[in-house]
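Single-structure report; data block below.
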Amino acid sequence: MEKGLKMSQRARLFFLILSIILMAACSGNLPSLQLGVIGPTVTSNQNPSPTFTPFGPKADIATDPPTTAATQINTSTFTMQPANTPTMMPTLTQATLTDTILPPAITLTPGTAPAFVPSKYTMSVMMDYAGHILNADETIHYVNSTGGNLNDLVLAVEPNLWKGCFVPSGLTVNGQAISNFTLTDDRLEIPLPAPFPPDGALDLFMHFDLHLPAADVYHVFGYNDYQTNLIDWYPFIVPYIPGQGWLLHPIAKVGEHLAYDVESIDMTLHMTDPNFHGIVAASAPAQTITFGWRYRMESVRSFVFSVSSDYQMASTKVNGVTIKSYFFNSESAQGQTVLGEVAKAVTTFDTLFGPDPYASLSIVESPFYDGLEYDGLFFLSRDFYTAENGTVLNNLIDIGVHETAHQWWFGSVGNDQAMEPWLDEALATYSERLFYEQNYPEVNAWQAFRIDAYNPTGWVDTDIYHGVGFRTYANAVYLRGAQFLQALRGRVGDAVFFAFLKDYATQLAGKRATSADFFRILRQHTSADISDLISEYFQNPH
Ligand SMILES: [Zn+2]
């Protein structure tokens, strides 16, 4: 109790300092950071910090759409408590981003890529919950399905965006020690001793320690007073585009920058404290093993978990999917409410898009400002719980449904979130409408609350580097995206529209979709002239 009280006091001090810094940041007085040239060999000497967007100004929380985005935090000038806690890196400024980042658009020619073989990730993890430290052994079995020789591997290492967080050691490829790797920002480049031929396989091993950062209202990763969240926490091999190279974009002020292939996970988790009595929420159900848990999951883009000694949990099962709601004691009623609505959403989306890609789905309450999706697990802002008002049109339900839809649009059907974020965000937003249509009479109220209130403008195919700010980005990608889908549905009719959606979800399950895929499959279902809609909503015609 004593220790917990002190931590709470420290946390309050931290948030106070952060608030002061945020106010300073909003004044626009941050120094501009220099980014390097963007491309396969990118990088910056400064390590930007990925941050999640709040619902715009706090006053907009009731109606703002969710997303993640960078905020203008510069925490480089203070040290967080307790000692030994990693400090966040200084982050990007808007001017720098809009001026310097222009990654090339990624397009794939259908039918030309070799058969993709998912990598196998085997991890043994030891967690010191009280000390905020993770030790992990990670082996990646990687098959070269790029169709050509590879001279290097590129991994995304998101924890390295926090200073002092990520400490690797013992890196080997097929047992051969590798010491000449480079790690800059979140990009780990591993030169291979010899050209790695098509269809060859290798085993990449590394040990790493994570000295977890204190999370704040803009970050889920790390620990807070209630829980420890492990998202994008292990190094993973990024997708490779034949002819273009490794697909790892820099972070931006708004939106999510990562693209993932699917992979398989076999992970064990143990606690250093044998007396730790906590609950683990994870992307997959746990198998209890001696003093720990084992998780296995196929076709997952990123395996995440969250640990707390305070979780309450409620669960239900629909269409073979076990849904668990993890919440804190004071929000038990809301935790039950969101469980029931997410169960309805899973049923609705099963019918419209095809079966849920995962056997389980965990809803995790977290003290940050947004909703954030991963495979088989998503986080929802504690603010949504405390503001829940007993109606069906509130953020707890609407954003809960949105993140549920991401199980299909992000999880099953992947995409390049940096360059074509509309593919998952417009579909997830429009899926909210479909949920209300199917379950409640409030669909027009949803339209007014979620879309029309913002009178949105902007191109649906805006990338995260041209989003300008959170509101303009969300209006263009999420809201105009949902308007486009509604207009498309009106043009082609319900039968064609829903047959297309299900076909798109089926054909691209486990793959990364592009806008070209979206329109190619659409045109397999209709010959309707939609050129006026394309011109109205898209900057780059398809
Ligand atoms: Zn979303």
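Can you report the number of residues in the stretch 115-150 which are of a type in the set (Val, Ile, Thr), farther than 18 Å from ASP232 by Cβ and touching a His at 6+ places or on another chain (Cβ under 9 Å)? Spell out the reasoning first.
So in the stretch 115-150, the residues of a type in the set (Val, Ile, Thr) come out as 117, 122, 125, 133, 139-140, 143, 146.
Subsequent filtering for residues that are farther than 18 Å from ASP232 by Cβ retains 117, 122, 139, 143, 146.
Pick out the ones that are also touching a His at 6+ places or on another chain (Cβ under 9 Å) and you get 122.
Matching residues across the stretch 115-150 total 1.
Pick out the one residue from GLN486, GLN438, GLN447 that is within 19 Å of TYR504 (Cα to Cα), among the polar types (S, T, N, Q) and either within 16 Å of the ligand (Cβ to nearest atom) or surrounded by fewer than 23 Cβ atoms within 10 Å (Cβ to Cβ) (or both). Quick ask: steps written out before the conclusion?
Values: GLN438 fails: within 19 Å of TYR504 (Cα to Cα); GLN447 fails: within 19 Å of TYR504 (Cα to Cα).
It is GLN486.
Let me confirm something: among VAL468, VAL477, which residue is more than 24 Å from GLN407 (Cα to Cα), in contact (Cβ under 8 Å) with a residue 24 or more places away in the chain and not charged (D, E, K, R)?
Selected residue: VAL468, the only one of VAL468, VAL477 that is more than 24 Å from GLN407 (Cα to Cα), in contact (Cβ under 8 Å) with a residue 24 or more places away in the chain and not charged (D, E, K, R).
Hand me the list of strands (runs of 3 or more DSSP E) wholly inside the stretch 109-173 holding 1 or more residues that are closer than 30 Å to PHE276 by Cα.
On the way: elements: 119-128, 133-143, 150-156, 166-173.
Answer list for the stretch 109-173: 119-128, 133-143, 166-173.
Please enumerate the residues belonging to the stretch 475-515 that are touching a Phe, Trp or Tyr at 6+ places or on another chain (Cβ under 8 Å), of a type in the set (A, V, I, L, M) and in a helix (DSSP H, G or I).
Selection gives ALA476, VAL477, LEU479, ALA482, LEU485, ALA487, LEU488, VAL492, LEU501, ALA505.
Which one of these does GLY510 not meet: (1) under 20 Å from ALA405 (Cβ atoms); (2) within 16 Å of the ligand (Cβ to nearest atom)?
The single condition GLY510 does not satisfy is (2).
In the stretch 350-360, is there at least one residue being in contact (Cβ under 8 Å) with a residue 60 or more places away in the chain, surrounded by fewer than 24 Cβ atoms within 10 Å (Cβ to Cβ) and at positive phi?
Yes, the stretch 350-360 contains a residue that is in contact (Cβ under 8 Å) with a residue 60 or more places away in the chain, surrounded by fewer than 24 Cβ atoms within 10 Å (Cβ to Cβ) and at positive phi.
Please go through the stretch 381-404 and give me each residue that is under 15 Å from the mean Cα position of the chain (by Cα) and closer than 15 Å to ALA215 by Cβ, ordered by number. Can you show your working first?
Taking the stretch 381-404 first, the residues under 15 Å from the mean Cα position of the chain (by Cα) are 381, 399-400, 402-404.
Of everything in the stretch 381-404, just one residue is under 15 Å from the mean Cα position of the chain (by Cα) and closer than 15 Å to ALA215 by Cβ, namely SER381.
Quick one: which residue in TYR226, TYR326 is modelled with pLDDT of 95 or more, surrounded by fewer than 22 Cβ atoms within 10 Å (Cβ to Cβ), of a type in the set (Phe, Trp, Tyr) and touching a Ser or Thr at 6+ places or on another chain (Cβ under 9 Å)? Please lay out each step first, then the result.
Numbers: TYR326 fails: surrounded by fewer than 22 Cβ atoms within 10 Å (Cβ to Cβ).
Answer to the check: TYR226.
Given the options LEU361, LEU339, LEU423, name the one that is within 13 Å of the ligand (Cβ to nearest atom) and either more than 19 Å from the chain's Cα centre (by Cα) or of a type outside the set (S, T, N, Q) (or both).
Working: LEU361 fails: within 13 Å of the ligand (Cβ to nearest atom); LEU339 fails: within 13 Å of the ligand (Cβ to nearest atom).
None of the others qualify; the one that does is LEU423.
Could you please give the count of residues in the stretch 527-541 that are buried (at least 17 other Cβ atoms within 10 Å of the Cβ) and not in a helix (DSSP H, G or I)?
Result for the stretch 527-541: 2.
Starting from the stretch 389-415, keep only residues that are closer than 14 Å to LEU434 by Cβ, then list their pairs with residues that are in a loop (DSSP other than H, G, I, E, B) and within 11 Å of the ligand (Cβ to nearest atom) whose Cβ atoms are within a distance under 7 Å, requiring at least 6 positions of separation or different chains.
That search, which allows pairs on different chains as well, returns HIS402/PRO66.
The values are calculated or read from the model by the stated rules, or taken from the named source; none is laboratory data. This structure is a prediction, so every number in the text was calculated from the model and none was measured. Please note: Cβ atoms are built from the backbone with ideal geometry, for glycine as well, and neighbour counts cover all protein chains shown.
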